[in-house]
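Data first, discussion second: the structure below is written as structure tokens.
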Amino acid sequence: MSSEGEMNGTTESVTDDGSLGGFESEYVPADKLAHVQRVLYGWNCGKPVAAVPLSPKLVAAAAAASFDLQAYSFTAAPEQLRPPRIVRVGLVQNSICAPTTAPFVQQRQAIFERCRQMIDAAGAAGVQVLCLQEAWHMPFGFCTREKQWNEFAESAESGPSTRLCQELARKHGMVIISPILERDEAHGGTIWNTAVVVGHTGGVLGKHRKVHIPRVGDFNESTYYMEGNTGHPVFETAFGRIAVNICYGRHHPMNWQAFGLNGAELVLNPSATVGELSEPMWAIEARNAAIANSYYVGAINRVGTETFPNPFTSGDGRPAHTDFGHFYGSSYFAAPDASRTPSLARNKDGLMIADMDLNLCQQLRDKWGFRMTARYELYAEELARYVRPDFQPQGRYDAMASPTIAVLGLLVLVAACPSSGRRLHDITDAVAAAGTTIPVTISATGTSVTMPASNAVADSVGSSTLLSTLASRSGFTNAHEPTPTIADTLTHLVAATATGTAASDVAPFATPTAISGSALPSTTGAVEPGSVTRPQLAMDASIPDGPVGGAALTQALAQLLTGTSSAPATLLPTTSAASSAPHSPVPLLAHSLPEEPVFQLSDR
Ligand SMILES: NC(=O)NCCC(=O)O
């Protein structure tokens, strides 16, 4: 069986490395293979991502040391005003080498020696930027909740891992990103999950602390370290603008985005994750980030199965066990044009190398315009609302999809109890007490319906929630009653609209002189699920913009009643006695939208 490695002439078979990539070359007919590979891996500048031949000596050394070695190249279109900006980047995935029961100093030394070997190989291959896996210098004991693994935490500026990386960075003129467990002595020994960025001359350029901490499966990492406090820094290195999105941060699109907004051209994603949990996501997330943010991504995963001395559980009903599962390696690069390299081995250490022309980032930004077409101001508003304690989600609510026909119920309620200014729950109570049926004439169709008051009560619950939500979303205020102003306002307006009653009769605080018409579903008799078609909407739009937001409110009601923002509804002149003022039909959608878009929440 051939493998992605064999396809690219750099490594061994699929069966040997455990990787699934490359199977298509075995099973897809030759005349379809190029097409299938284009779809699976993407093409870079109109061609498959090309393998880069490495020196036979290096290939032999990797084979002898039993680590996977692969190299590829991403190109960009030639430009007239900028020279190509090609950088060679390496990713290292490593197993822990010594058992977790060995003395800690021995465990660390074994990892150091193994990684030194692969970093030296990278240096020999001319790698300029290299990233190691998450917490590369230690076993990933965060599943256990045992605190002894904290002993591996070290100073980001002067710990043993940093010193090793500084030595190797100087030796190879290489930027090294070293993700470690950091102990921050300056802050009482606080522990962080940190990527240290060592410049190509051996200085520590800075560090970034993991933003998001997993609490999933056996990843009990919050027992050990704190949520990072370093923002989303981009490091301007000798070889490009680089950022680090540590492991679990890859599930957070805004985390990726923040690095992009800060100007990253290459984001490394040092990870430690296991097959059962995340393998189907692995090929997607980093690649999607590269596409969405117009930068390159290097995704590195730990490799191997690490067994711990004491059994542990994670509150998920599984029997006590002593390992996380298999860290499946499979490190790879993704480019902003949706192309990607194959993966490193699934079951052995490895060094993945890629040449990348950073000019491709701007070329893709220009081509797709994601940065230009993004609506950051809308997102900013949305987020500002979301982080407020009183946030209510926006949603779309199709009132006609409700088996209880919430809007009709509301109309019935208020028709029965048109007492001005009463709160919805008062009305609800009154109808409940009446225990009767209520006739409703649907003026849009001329049909009469009888509805039991008890149904109306049930309906009103949904409507109440709906309207309250609508109220809080729309931000309307009622100058006369502090709360719950909009729910009342809408209740009265809906009632007026439905019954042809002057708004002033039911909503004494509303300034308009005429709100009338009909806003009712077409229905034929029984108020049952399925008997209702899309409502016709005929509503007087004469409510002036004011404290209760006339046009905006009308728009909101239209959306509420039609369950759509694009209903072909028209605001018709009213026929009710209450609306004597002349009106012209106004296309509903011609109304200016409320400043804050109005939607409805389904409480179902
Ligand atoms: N190390 C880490 O954050 N792992 C969490 C699991 C995952 O994100 O797949």
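The values are calculated or read from the model by the stated rules, or taken from the named source; none is laboratory data. This structure is a prediction, so every number in the text was calculated from the model and none was measured. When we count neighbours, we look across all protein chains shown, and the Cβ atoms used for this are built from the backbone with ideal geometry, even at glycine. Note: accessible area is taken over every heavy atom of the protein model, side chains too, but ligands, DNA and RNA are not part of it. Shrake-Rupley method; radii C 1.70, N 1.55, O 1.52, S 1.80 Å.
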**Q.** Scan of region 372-383 for residues that are of a type outside the set (Gly, Ala, Ser), open to solvent by less than 80 Å² (accessible area, probe 1.4 Å) and under 16 Å from ASN293 (Cβ atoms), ordered by number
**A.** TYR376
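Okay, residues lined up against (1) in contact (Cβ under 8 Å) with a residue 12 or more places away in the chain; (2) more than 10 Å from the ligand (Cβ to nearest atom); (3) over 21 Å from ILE284 (Cα atoms):
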| position | (1), (2), (3) |
| --- | --- |
| ILE213 | yes, no, no |
| VAL216 | yes, no, no |
| PHE219 | yes, no, no |
| MET226 | yes, yes, yes |
| THR230 | yes, yes, yes |
| GLU236 | no, yes, yes |
| ARG241 | yes, yes, yes |
| TRP256 | yes, yes, no |
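Among the residues of region 258-281, what is the count of those that are more than 8 Å from the ligand (Cβ to nearest atom) and not in a strand (DSSP E or B)? Walk me through it before giving the result.
First pass over region 258-281, keeping only residues more than 8 Å from the ligand (Cβ to nearest atom): 258-270, 275-276, 279-280.
Of the ones still in play, those that are also not in a strand (DSSP E or B) are 258-265, 275-276, 279-280.
Total satisfying the criteria: 12.
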Q) Which one of the conditions (1) within 14 Å of the ligand (Cβ to nearest atom); (2) at negative phi; (3) of a type outside the set (Lys, Arg) does THR307 fail to meet, given that it meets all the rest? A) (1)
Q) Taking region 57-89 as the region of interest, how many residues are of a type in the set (A, V, I, L, M), buried (at least 21 other Cβ atoms within 10 Å of the Cβ) and part of a loop (DSSP other than H, G, I, E, B)? A) 1
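Residues are listed down the side, and each one gets a yes or a no for (1) in contact with a helix residue (DSSP H, G or I) (Cβ under 9 Å, 6 or more places away or on another chain); (2) among the aliphatic types (A, V, I, L, M); (3) more than 25 Å from GLN109 (Cα to Cα):
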{"residue": "PRO160", "(1), (2), (3)": "yes, no, no"}
{"residue": "GLU182", "(1), (2), (3)": "no, no, no"}
{"residue": "GLY217", "(1), (2), (3)": "yes, no, yes"}
{"residue": "THR230", "(1), (2), (3)": "no, no, yes"}
{"residue": "TRP256", "(1), (2), (3)": "yes, no, yes"}
Q: Kindly indicate whether ARG209 is away from the ligand (no atom under 14 Å from the Cβ), of a type in the set (Lys, Arg) and open to solvent by 10 Å² or more (accessible area, probe 1.4 Å).
A: no
Q) Which residues, taken from region 267-304, are on the phi > 0 side of the Ramachandran plot and surrounded by 22 or more Cβ atoms within 10 Å (Cβ to Cβ)? A) SER294
Q: Keeping to region 166-188, report how many residues are open to solvent by less than 10 Å² (accessible area, probe 1.4 Å) and either over 23 Å from LEU266 (Cα atoms) or in a strand (DSSP E or B) (or both).
A: 8
Q | Positions within region 107-153 being away from the ligand (no atom under 15 Å from the Cβ) and of a type in the set (D, E, K, R), in sequence order | A | ARG108, GLU113, ARG114, ARG116, ASP120, GLU146, LYS147, GLU151
Q. How about region 212-229: which of its residues are closer than 21 Å to GLY275 by Cα and assigned to a loop (DSSP other than H, G, I, E, B)?
A. HIS212, ILE213, PRO214, GLY217, ASP218
Q: Check off (1) surrounded by fewer than 16 Cβ atoms within 10 Å (Cβ to Cβ); (2) within 14 Å of the ligand (Cβ to nearest atom) for ALA320 and give me the number that stays unchecked.
A: (2)
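The rows are residues; the columns are (1) under 15 Å from ALA153 (Cα atoms); (2) part of a loop (DSSP other than H, G, I, E, B).
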{"residue": "THR101", "(1), (2)": "no, yes"}
{"residue": "VAL105", "(1), (2)": "yes, no"}
{"residue": "ASP120", "(1), (2)": "no, no"}
{"residue": "GLY123", "(1), (2)": "no, no"}
{"residue": "VAL127", "(1), (2)": "no, yes"}
{"residue": "GLU134", "(1), (2)": "yes, yes"}
{"residue": "MET138", "(1), (2)": "yes, yes"}
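Select from region 190-199 the residues that are open to solvent by less than 10 Å² (accessible area, probe 1.4 Å) and touching a Lys or Arg at 6+ places or on another chain (Cβ under 7 Å) and write down the one among them that is nearest to the ligand (Cβ to nearest atom). It would help to see each step written out before you state the result.
Kept after step one, since they are open to solvent by less than 10 Å² (accessible area, probe 1.4 Å), are these residues of region 190-199: 193-199.
Narrowing the set further to residues that are touching a Lys or Arg at 6+ places or on another chain (Cβ under 7 Å) leaves 193-197.
Working: ASN193: 8, THR194: 13, ALA195: 13, VAL196: 17, VAL197: 19 Å.
Going through the qualifying residues, I end up with ASN193.
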Q: List the number of the failed condition for HIS232; all other conditions in (1) open to solvent by 40 Å² or more (accessible area, probe 1.4 Å); (2) in a strand (DSSP E or B) hold.
A: (2)
